[in-house]
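This report concerns only the one structure given below.
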Amino acid sequence: MSRQFLDFEQPIEELNQKIEALRMVGTDNEVNLSDEIDRLEVKCEQLTRHIFSRLEPWQVAQMARHPMRPQTTDFIEYMFTDFQELHGDRHYSAAPAIIGGLARFNGEPVMLIGHQKGKRTKEKVYRNFGMARPEEYRKALRLMKMAEKFKLPIVTFIDTAGAYPGIGAEERNQSEAIARNLWEMSILKTPIICVVTGEAGSGGALAIGVGDRVLMLQYSIYAVISPEGCASILWKDPAKAMEAARAMGINAEKILEHQLIDRVVEEPLGGAHRHVDELMRDLKSVLTDELHLLKTLSIKELLDRRYKKWMAMGAVSD
């Protein structure tokens, strides 16, 4: 089978291959193998439930980076209609690492903004592997201000290892671009929903991640630095990434426990990449509910709640 899988998924994949082989034999011969196939399918489901009920934070990080995990273009295709992409920051480039544009959600106009890592090598290079540079963040801000002007809700999809750390990005004032987005999103007079769909790394994620409601998919991660980066700094050994991931608490359940997000969206058994249709249906239902709730608030109520939400983060009481 051509499907890519992670190390801990290998036992599941081996069973899947046996099932596919039996199906092929069944079509080539008159032998009825349906009972054996049914037995293996039940066994495969049980094994999948067992493995995914005990994932370590490092394994969740691997799931968040899974090469077949849905990206922004997939969410647009499955959940939205009439998407019209808008390009460029009007200063430097087309800014391809972040996709943005107008679309309809349940018939209502919205503004969509999201990281795009790319799926094949050529696209990955073009998209800079989803690591945005200053022009990407300035494009995102341009679209957010447009949404505010026309009173359109904003939905962002976050999936990036972090902002691009190259010399050119620093020369074009990366830190100012991120800081500007944080400030502007905090006072933007329109509803904002942010969804962490895969990897949410540091300021690269926060630059489109200040919202009224922040959601995380079950097998996504949110952290100030990658586990490998943390291990390299603390222990001078990136091989200790598993230990770092455990200490950092990067998984959605831990982030929710610390009240840094508002909701965890459960993924289908085995992860989003195995049952994309099911994930999209569930996420669309969640987004529908969240948008309906935000639309009932006045702009003053919206901004007051947003301010209190973000100012409460990191507060410690004895």
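The values are calculated or read from the model by the stated rules, or taken from the named source; none is laboratory data. Just so you know, these numbers come straight off a predicted model, no measurement behind them. Here the Cβ positions follow ideal geometry from the backbone for every residue, glycine too, while neighbour counts run over all protein chains shown.
Is it true that some residue in region 135-143 is aromatic (Phe, Trp, Tyr), assigned to a loop (DSSP other than H, G, I, E, B) and at pLDDT 95 or above? Steps first, please.
Keep residues of region 135-143 that are aromatic (Phe, Trp, Tyr), which gives 137.
Among the residues that remain, those that are also assigned to a loop (DSSP other than H, G, I, E, B) are: none.
No.
Just to confirm my filter: which helices (runs of 4 or more DSSP H) fall fully inside region 188-276 and include at least 3 residues that are at pLDDT 95 or above and buried (at least 24 other Cβ atoms within 10 Å of the Cβ)? Explain how you work it out, then say what you get.
On the way: elements: 202-206, 227-235, 241-248, 252-257.
Hits in region 188-276: none.
Here is a yes/no grid of residues against (1) among the aliphatic types (A, V, I, L, M); (2) more than 22 Å from Gly204 (Cβ to Cβ); (3) more than 16 Å from the chain's Cα centre (by Cα):
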| site | (1), (2), (3) |
| --- | --- |
| Trp235 | no, yes, yes |
| Val264 | yes, no, no |
| Leu291 | yes, yes, yes |
| Arg305 | no, yes, yes |
| Lys309 | no, no, yes |
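Just give me the residues in region 89-117 being touching a Ser or Thr at 6+ places or on another chain (Cβ under 9 Å), among the hydrophobic types (A, V, I, L, M, F, W, C) and surrounded by 22 or more Cβ atoms within 10 Å (Cβ to Cβ), in sequence order.
Ala97, Ile98, Ile99, Met111, Leu112, Ile113
Restricting the search to region 278-318, which residues are of a type in the set (S, T, N, Q) and more than 22 Å from Ile255 (Cβ to Cβ)? Show your work before the answer.
We begin by selecting, within region 278-318, every residue of a type in the set (S, T, N, Q); these are 285, 288, 296, 298, 317.
Hits for region 278-318 are Thr288, Thr296, Ser298.
Within region 151-191, which residues are hydrophobic (A, V, I, L, M, F, W, C) and touching a residue at least 40 places away in the same chain (Cβ under 8 Å)? Full working, then the answer.
In the first step, residues of region 151-191 are kept if they are hydrophobic (A, V, I, L, M, F, W, C); the result is 152, 154-155, 157-158, 161, 163, 167, 169, 177-179, 182-183, 185, 187-188.
Once the filter is applied, which keeps residues that are hydrophobic (A, V, I, L, M, F, W, C) and touching a residue at least 40 places away in the same chain (Cβ under 8 Å), region 151-191 yields Leu152, Ile154, Val155, Phe157, Ile158, Ala161, Ala163, Ala177, Ile178, Met185, Ile187, Leu188.
I need the full set of residues from region 49-75 which are among the polar types (S, T, N, Q) and over 16 Å from Val276 (Cβ atoms), in order please.
Of the residues in region 49-75, the ones among the polar types (S, T, N, Q) are 53, 59, 62, 71-73.
Those that are among the polar types (S, T, N, Q) and over 16 Å from Val276 (Cβ atoms): Ser53, Gln59, Gln62.
Anything in region 1-39 that is modelled with pLDDT of 85 or more and basic (Lys, Arg)? List them, or say none.
Once the filter is applied, which keeps residues that are modelled with pLDDT of 85 or more and basic (Lys, Arg), region 1-39 yields Lys18, Arg39.
Looking only at residues that are more than 18 Å from Phe157 (Cα to Cα) and surrounded by fewer than 16 Cβ atoms within 10 Å (Cβ to Cβ) in region 52-81, which one is nearest to the chain's Cα centre (by Cα)?
Glu56
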